[in-house]
Amino acid sequence: MGATAFRLVVDAVRSLDVTDQVVAAVALGLGIHLDAYANANVSAQILDNLRSTSVTTRRTALREHWSSLHLALGAIASAAPSDRYLRGQLEPEVFEKLAGLVIAPAAPEPSPTSQPDSHRPPHQRKVVVVGGIAIDHIWRVDQIPEVETSTLASTYVRTPGGKGLTQAIATARMGLDVALIAAVTDDPDAGEITDRLTTAGVDLALLQRIPGSRTGQTGIHERPRGESNAAAWRGSAHLTLDHMEKHAQAIAACDVLMVTFEIPKPVLYRTLDIARSAGRSPLIIVTPGQPYPDGTVSIEHLSEIDYLVAHLWELEKFPRSPEARYDAQLLSQELLEQRVKTLCILDNHGGAIYPHGSVRPISTPPIVSLKEGSITRDVFCAALALNLSDGRPLTDEVIEWASMAMTCFADDYRSQLAPTTPTRERVEREIALRGNR
């Protein structure tokens, strides 16, 4: 690289935010921060590794000293990325930004009254998921057996599950920086679960590890179009209030907080209180599955939720009037009166969003033949997190994007025994394809 080209690249790198600068400098071997690191007392061995001609050595040094290298540049870092996430997600995103800066002239500064036409990239938006983990045992059957009968299953799948796990993975696959708060055991199932989370790029630093306990198990009968029933045993590991206090700063500082009813109700309440007590409160998305035995949540804590994303049956004990138990419109009116900010009810045709004063349909393309299920809902929540995590309002475009994310999962589900949730690129590609038809 000639001197002029090198200076052009360095200038472009220095115009990025700190994390992107650090990633680019290490990937390209630019060495532009070595003096700053030395002045911050970063060890000579680390500096030597960052100077290495081997990009693998440089990447390892970056990941192992992620936080201290950011601090040397005056920045607070989120959790260090996995090697897979660094190579497969962060570096390509940074290179794409650099290409735009090097090839195209800089855009003019926006006027003070104009709206910014770009947002923070997803990997800089922090999401904390608080929920449960388990091992799912799924039997695919033509008909769910009646009492005192049996049936043959066409397939059997054993896979890590739990709403906390699936929401964390679905959100990480959208490209967001995700940490999971859940209770994890030390039995053999726990290793399988943490391996799955690590592969997906989910930060495990906030897990509560409870030795001597057992991982929860869920048995699921599922028909070809997705109708299912389940029996869940929660296991003997449960989140504690002390653990939530330990990580109160991470909860208060995140951009999006996603919570499920898999956690003890006192832990749910304390988690919401921590989030709302922050000076800059995160967006809070809550899913009420599995409903608590008494079926309700206090009005005080319902009012702390930005988006309550539910199936109608999960809310049947919430309304005051019996007529509202199975009527989404009446139910939404009652919950909005109880200060729920936005209610999303999903069903086999998509569903509807009930913000104050209006109803907005959630429609999915007619080719979807899979019934709405728990993982479909997790994908919808992940899509909300991606699109609303930078302070954007709920628009028709956001609803369309979230609907397409569910559609992509449903399309992929039919061809896979253990389907994966869609990436952001998968959803955007499908939107573009359908827009060109």
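The values are calculated or read from the model by the stated rules, or taken from the named source; none is laboratory data. Only a predicted model underlies this, so the values are computations on that prediction, with no experimental measurement involved. Heads up, the Cβs are rebuilt from the backbone with ideal geometry, glycines too, and the neighbour counts pull from every protein chain shown. Surface areas here come from the heavy atoms of the whole protein model, side chains and all, with no ligands, DNA or RNA. Shrake-Rupley method; radii C 1.70, N 1.55, O 1.52, S 1.80 Å.
Here are some notes:
- Sorting the segments 209-218, 384-393 by their residues' average number of neighbouring beta-carbon atoms within 10 angstrom, most packed first, yields 384-393, 209-218.
- Long-range HN-HN contacts of Val178 with modeled amide H, under 5 Å: Val127, Asp203
- Placing +1 on the Cβ of every Lys and Arg and -1 on the Cβ of every Asp and Glu, with no other charges, gives the chain a dipole of roughly 600 debye about its Cα centre.
- By a 1.4 Å probe calculation restricted to protein chains, Leu346 has an accessible surface near 10 Å², given to the nearest 10.
- Sulfur and carbon atoms: percent of accessible area, the chain [1.4 Å]: 53
- Given a 1.4 Å probe and the protein chains as shown, Trp233 ends up with an accessible area of around 110 Å².
- The alpha carbons of the chain stretch over 77, 54, 45 Å along the principal axes, in descending order.
- Computed on protein heavy atoms with a 1.4 Å probe, the accessible areas place Thr395, Thr194 in the order Thr395, Thr194, largest first.
- Sites Leu34 and Arg158, calculated FRET efficiency, Cβ-Cβ separation with R0 45 Å, nearest 0.05: 0.40
- Average Cα contact separation per residue, the stretch 2-105, under 8 Å, 6 or more apart, as relative contact order %: 29
- Tail fraction, Cα-Cα pairs, the stretch 164-256, threshold 21 Å, whole percent: 41
- J(HN,Hα) series, the stretch 262-269, from Karplus relation 6.51 cos²θ - 1.76 cosθ + 1.60, nearest Hz, glycine and proline x: 6, 9, x, 4, x, 5, 4, 4
- Contact order, relative form, for the stretch 188-276: 21 percent (alpha carbon pairs under 8 Å, 6 or more residues apart, mean separation divided by residue count).
- Using 0.36 nm per residue and subtracting the Cα-Cα separation, the extra length available between Thr149 and Val359 on full extension is 71.3 nm.
- The chain - mean residue ellipticity at 222 nm from DSSP helices (-39,500 (n - 2.57) per run, n ≥ 4, rounded to 500): -12000 deg cm²/dmol
- Cα-based Rg and Dmax for the stretch 124-189, where Dmax is the largest Cα-Cα distance (Å): 16.2, 53
- Relative contact order for the chain, counting Cα pairs under 8 Å that sit 6 or more residues apart, in percent: 11
- Heavy-atom accessible area ranking, 1.4 Å probe, most first, across Val102, Val22: Val102, Val22
- Å² of accessible area per residue within the chain, as computed with a 1.4 Å probe and no ligands counted: 47
- Residues Thr159, Thr198, ordered by accessible area of protein heavy atoms at a 1.4 angstrom probe radius and largest first, appear as Thr198, Thr159.
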